[in-house]
Every structure is written in structure tokens, then in C-alpha cells.
Amino acid sequence: MKNQEITEFEIIRITYESPKREKAIFTIMRQSGLKLSVIKKLKIGDVEGILDVHGNLDPNPPLPSKITVPNEKTPRFIAYESIYYLTEYLKERRKSKQLSKEQLLFCARKKPTKEIDTKNTLRTFRETHPKNGAPLSSLTRFYQDRAKEYETQLKNNPPKDDEACRKLYIDYAMNPLDIEPSTSKRIIHQQQNETRKKAMQITQLQEQVDCLEKKIPNITNIEQALRTAIEKITGKSATEYRIEWDSQKADKTE
């Protein structure tokens, strides 16, 4: 029984029938490969972009979001489903206490400074899982199976930085691990990420335009300088000089 695999259908059903906290835990396990013993010690600040600088939940965290695991050289990542369930769980926690990056990512109910009791999490998994079903560890095995190509790339072509690692996750792991039916919220989230990227590009272009405007002299100032120069040289206003110049041209033409 311990070696029994878990199916996509079972994972989706277990997730839907679990409380908000367990929804997030189970989904993070199967999208990052992290064990429950590691997840229960994570801090909110270990998950990239969940909280903004003011301690509020960011409506548009990066996709995928990076998880920095203490004592691990390579970061882990989670995709839309984990981000969505984690955000929903933290929204519920925020009702009773303001969130901070130093707090535990998952905590005992009504005790924000106490780690979760893994026995309760295991019990929830068993209660929502069919009889004779796979154990909780099958979620991490699910990750290992679906992210096999990603892990191979990490081993054979070690990324130079976290962003290169993120790109590998997007290319080789994110789609195979994102198994729930597509929802409008997921589409909206992806559109928001695209909008944010375009906004950053527009900002960069505006900065370049501002820089060019500082380097290029003001046209009005150039015109004024020419008028002043004409008056000094001819003793006439620029308008008078222009009328005289046009008159001379007309005489030559005749």
C-alpha cells in the first residue's frame, strides 16, 4: 500500500474536500516536492511575493513563485494552484491577526506562533482519501514523476542563478504539475502578470524618453536664441528682417 501511486483525479478530489490550510499544504507538496516536515517550518517570507512591503497580500505574486528553503542551494517553485490556495488560507488568517514575513507559513489553528501538528494533516489526508489509498508521501512522489525532466536538467545543466532555475521550472515542470481544470481566476492571474510586465516596459521606455528630453535642447529656447541673434546682427526684429528678406527674394524673381 505504501508504494501505491496517486492519480490526478484523487489529488483534485482530496484538495477540493480539504480545509483551506490543507488545500495549500497538499498542493505545495505536489508542486514543489517539499516534504511536510520541511513545509511546517517555512516562514511567510520564504515564499516570494506573497506579501508586499507593507505586509499586505500581493494580488499579483510572481508565477511561478520561488520558495527559499533553509540549507538548500536550489530554490523550489510553486505554480498557480499552490499560490491560489496559499493566498486563500492567508486571507483567512489575516482576519484575526496582521501577517508578517517572520511568521510561520502554516500554523496551528488560532496559534500563529505554533507549528502545525503533522498528525492532524495526515488525518485530514486519510479522511478525504479513498479507502486503501496512497499515503501522504505519494504527493511528493507525484512531483518526482511529473518533474523528472526538470530535475534532470537541474542536475546535468546547473542554472547560474535563481532566474535561470525559474525558467527551467516553467519549461519542464509547471504545466505537468498544474493539473486542476482551467479556471477564470487562473486566466485572470496570467493576464495580470502580462499586464505587470507591459507596465514595467512602458515605465522603462518613459525613463528613456525623459533621458533623451534632457539631452535634446528645448526647441522654444533655440527659436528665441535665433531671434535674439538676428536682432543683434541686423538691428531689426526677426519679423521685420523676414519681411525684408521675402521682399528681396520677390524682386530678384521679377
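Read-outs throughout are calculated quantities, based only on the coordinates presented, and are distinct from any laboratory measurement. As the structure is a prediction and not an experimental result, all values here were calculated from the model. Quick reminder, even Gly has a Cβ in these numbers, built from the backbone with ideal geometry, and neighbours come from all protein chains shown.
Structure values in brief
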read-out: Inter-label distance, nm, simple model (7 Å from Cα along the C-beta direction), ILE243/GLU17; value: 9.6 nm
read-out: Karplus-derived HN-Hα couplings along the stretch 29-46 (A = 6.51, B = -1.76, C = 1.60, θ = phi - 60°), whole Hz, x at Gly and Pro; value: 4, 8, 9, 10, x, 6, 7, 4, 5, 8, 4, 5, 9, 5, 9, 4, x, 6
read-out: THR7-LYS114 FRET efficiency (beta carbon distance; Förster radius 41 Å; 0.05 resolution); value: 0.75
read-out: Difference of contour (0.36 nm per residue) and Cα-Cα distance, LEU226 to ASP145; value: 21.7 nm
read-out: Cα-projected label distance for LYS41 with THR68, points at 7 Å along beta-carbon direction, nm; value: 1.7 nm
read-out: Cα→Cβ-extended label distance, 7 Å offset, between GLU92 and THR152, nm; value: 3.9 nm
read-out: Packing-based order for 44-53, 93-102, using average beta carbon neighbours within 10 Å, highest first; value: 44-53, 93-102
read-out: Highest to lowest packing among 154-162, 115-123, scored as the average C-beta count within 10 Å; value: 115-123, 154-162
